[in-house]
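What follows is a set of notes on a single structure, which appears directly below.
All of the numbers you see were taken from the coordinates with simple rules; none came from a lab. Just so it is clear, the structure is predicted and the values come from calculations on it, not from any experiment. We place every Cβ from the backbone using ideal geometry, glycine too, and count neighbours over all the protein chains shown.
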Protein chains: 2
Amino acid sequence: MIDLDPRLAADTHPVTQWPLSQVRLMDDVRFPWLVLIPDRPGLVEIFDLPAEDQDKMWREVAHAAATLKTLSGAHKINIGALGNQVSQLHIHIIARRPDDGAWPGPVWGVGERQRYDQAELAEFLSGLRAQLIAPGQGIVEEGQTR
Amino acid sequence: MIDLDPRLAADTHPVTQWPLSQVRLMDDVRFPWLVLIPDRPGLVEIFDLPAEDQDKMWREVAHAAATLKTLSGAHKINIGALGNQVSQLHIHIIARRPDDGAWPGPVWGVGERQRYDQAELAEFLSGLRAQLIAPGQGIVEEGQTR
């Protein structure tokens, strides 16, 4: 497993490991917010990944996004790869609601982060881990390849 | 060609049409900023696209991102699919520099948009059209499939 940038490590909690990405939860109770970090060294831009890993990465992002939308009942999913502050390639997947306090703007840099308390965190991580089965494992119909 | 949301149409200029996406330029001279809009009706979330069109879409995004980075000499490319204000699925690809005025935050909602004047717009569109050849056309080596 690659080294995580210290800011990513400090801001997020591990959820699970997928074929390509580490799946982590942003420690901010205001927004259901996953971060996917491709488990390859030295990546900054998406196009730094070989083509087939790009396909794999986006499939993992789409699967995380669809699962998070169902799990959170969100109105909209925001997906972003910014990396202006932390250059290690990481993809944000954020569940948004019209009453979420940053709506309709983006969430980055808005207001003060509110960390989960221990009980909330344990409960949310448990729910996530039950739902966030890796793409292609138990979530596709017979005969599908993904 | 699908109907564009009126806000997307008003805020952007057409650059070219790729196999899946309309490529458009955000009319804001502060940031080199492309918007890709998959040419399929009724899309809101990325996972609304069939799997193979998702692959195609992200290949187009990666190609636009790599080209824009080269063309603009940007420090970092930001990629985002938000859709909180305009629900029609569209992907932002934005060239960022440490001196760009929104750095290191995201660009959405920051400051006042500055539209291109006619000469700047014509010049930039011309440069983009010369470089933004569709993925798979003339940019891959013999024997590659993309």
All-but-one check, A:A122 against (1) in contact (Cβ under 8 Å) with a residue 60 or more places away in the chain; (2) outside any loop (DSSP other than H, G, I, E, B), failing number (1)
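Being surrounded by fewer than 21 Cβ atoms within 10 Å (Cβ to Cβ) and either free of Cβ contacts under 8 Å to residues at least 60 places away in the same chain or facing chain A (nearest Cβ under 9 Å) (or both) narrows it down to one of B:P98, B:P106, so name that one.
Values: B:P106 fails: surrounded by fewer than 21 Cβ atoms within 10 Å (Cβ to Cβ).
Within the list B:P98, B:P106, the selection yields B:P98.
To keep it simple, each residue is scored yes or no on (1) within 14 Å of another protein chain (Cβ to nearest Cβ); (2) aliphatic (A, V, I, L, M).
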site	(1), (2)
A:P6	no, no
A:D11	no, no
A:L20	yes, yes
A:V23	no, yes
A:G42	no, no
A:D48	yes, no
A:K56	yes, no
Scan B:F47, B:F31 and give me the residue that is touching a Lys or Arg at 6+ places or on another chain (Cβ under 9 Å) and in a helix (DSSP H, G or I). B:F47
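When only residues in region B:66-75 that are aliphatic (A, V, I, L, M), more than 8 Å from chain A (Cβ to nearest Cβ) and not in a loop (DSSP other than H, G, I, E, B) count, which is surrounded by the most Cβ atoms within 10 Å (Cβ to Cβ)?
Initially, region B:66-75 is screened for residues aliphatic (A, V, I, L, M), giving B:66, B:68, B:71, B:74.
Remaining after also requiring more than 8 Å from chain A (Cβ to nearest Cβ): B:68, B:71, B:74.
Now drop any that are not not in a loop (DSSP other than H, G, I, E, B), which leaves B:68, B:71.
Details: B:L68: 20, B:L71: 16.
So the residue we want is B:L68.
For region A:76-119, which positions are under 21 Å from B:I46 (Cα atoms), in a loop (DSSP other than H, G, I, E, B) and not charged (D, E, K, R)? Talk me through it step by step, then tell me what you get.
Looking only at region A:76-119, we keep the residues that are under 21 Å from B:I46 (Cα atoms), and these are A:76-83, A:89-98, A:103-108.
Restricting the remaining residues to those that are in a loop (DSSP other than H, G, I, E, B) gives A:82-83, A:89-90, A:97-98, A:103-108.
Within region A:76-119, A:L82, A:G83, A:L89, A:H90, A:P98, A:W103, A:P104, A:G105, A:P106, A:V107, A:W108 qualify.
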The conditions are (1) away from every other protein chain (no Cβ under 14 Å); (2) assigned to a strand (DSSP E or B); (3) closer than 22 Å to A:V110 by Cα, and A:L36 fails exactly one of them. Which is it? (1)
